[in-house]
RNA sequence: GCCGGUGUAGCUCAGUUGGUUAGAGCACGCGGCUCAUAUCCGCGGAGUCCGGGGUUCAAGUCCCUGCACCGGCACCA
């Protein structure tokens, strides 16, 4: 059995994890779960990076012992990871003894190789930045970033001979093209290597918060040098040779693109110096922005992933992040887009598929299927091809393509239902066998799709599998599970929709501050009332995008009277009406709304003859954005009741009929 | 200033090692179905792949160049 050891970057504990941090963990978790599904013995490491001066200062500010502060943050982080269903096998903190032992061991080896030397550094040092500043960078003698005076520091420093490893690194990159992916990152580092490497300082003098440098306990190991070593110390470097031999080298470091040079240049050089094997691969993922804006604490453009998980469950968020963002590239999150994908991918396609096959199986076969394996038509072939694509993509870390491959099965199953028309088969007793097989084939497609989606949506995929009567067995393995099974017996469970459609809650209230620049997207449905609508008029700096105020729960949320009053309903008199040519149910109306005449288009032709409408008094939405229907611009909307499956019925008024222009409310 | 990114359908984006009529989802229009969460299926319209050079039998894809937009040089994924 092959082993797979993967890690994510360890996180600073200055603040709670946000969507960007969660993105990294979620995608790494998908990889980890995929490897387990493949049958690899997998070790997935995460952790917290605690030896930072910022952490120390933050703790002091709060009047806490730094370690106590870190303890508290650890609980917060773990809670977030739990909610997001992150299945790490180990969680390391850099304040743990095992890490200290690892750092000590590695530093000693590097020192022994002659790659640590003592030097001095002096200059302006900004404590907040934890970095030295050039004289020219100062503004009025202050740190340009923190607007506070830096300190002049002359300190003894220990340097690592990074420059010595320039050529070995170049050679390594040449010999192992897969060492750093995607290619953009690799090219970046190659350019860096070509331009030369300078030795780097690896210690800080006069600080207590950190791990003492073995050769000079008056200094502590610089936080970056310290942090990188977690990957090795977590699996026993310096504490457990057996375990270390078992897991090292790591197969994959998943990191953010901003820290590639530390991982792809500094870290391998450190390992080379110490004579330790290099990790096999480093993946530098992109960043997730929020509505096109970089997430920033100071701008308040932070999205709390727990929020999204609390509202819809972790799985929809996971699917969105994995499927909608090309892994390696930057991506964007917005609530509109999230809700769109939720409705399309989950409610309409996958969820509805599970639901319809369950309903049909229940109705036609009492929930039981016994299939002999006669046919599956193209469905089986499509599914198996998708499985192959999925594996190829997932192996190559193209997670978004893996998700897309799984969805090809979902699409094929919906098409298959349309082609085979089980409801037609059900009317002909001679087709009984075919019907059973057809339904079975669909459940089989669901089983395969859900199996492939297990790494991405662990809990809902397991639920889908239960519904099609194939609960996840212990130690499920892909090579066996992802094979099409032409025959079998299963009990299918009818149940509530897994993902109820998110219906809009507010009317499309003609947001007047929107200069209609976004084109005439007139949807029949109203847009959900989401955060950014509330945001828009406010000054950009002060608005937390974190949607805490009005959680958009699925279901009937009530609106305020103010919200309702945004909709201007008016009495209108129909002056002229004609059926729109080539349309089935559209009528073009000329109406008097009191202040003016309007042209609007209504979908009521199957209930009303155009001529019969002339002279009638109707209710219209006056302040609706214009929309084009069949080439005609409609400036408003006629109110009508739309009974289930029936024809629309116009809203009418009691006598005496009010004059056009009267407000309705 | 330094570094980097992006520019492909109305919108959001895919486009593997350059290789047939450039794709998806959403939106829009038309049609079909009724098992299903008003869901699903089919068809359709619409792109100077930012501009200009170049390499090549062949370029959205490689090279040069111009333009536009954006980001980082705080913390951070």
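See the values below:
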item	result
Ranking of A:338, A:44 by count of other Cβ atoms within 10 Å, fewest first	A:338, A:44
Cα Rg, Dmax (largest Cα-Cα span) when computed across region A:183-284, Å	14.7, 42
Rg over Rh, two decimals, region A:379-434 (C-alpha only, Kirkwood Rh)	1.22
Debye log10 I(q)/I(0) at q = 0.08, 0.09, 0.19 Å⁻¹ for region A:334-491, Cα point scatterers	-0.22, -0.28, -1.19
For region A:1-103, projected area of the alpha-carbon convex hull averaged over all directions, nm²	6.9 nm²
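No value in this document is a laboratory result; all are computed from the given coordinates. Here the structure is a predicted model, which means the values were calculated and not measured. Cβ atoms come from the backbone with ideal geometry, glycine included; neighbour counts cover every protein chain shown.
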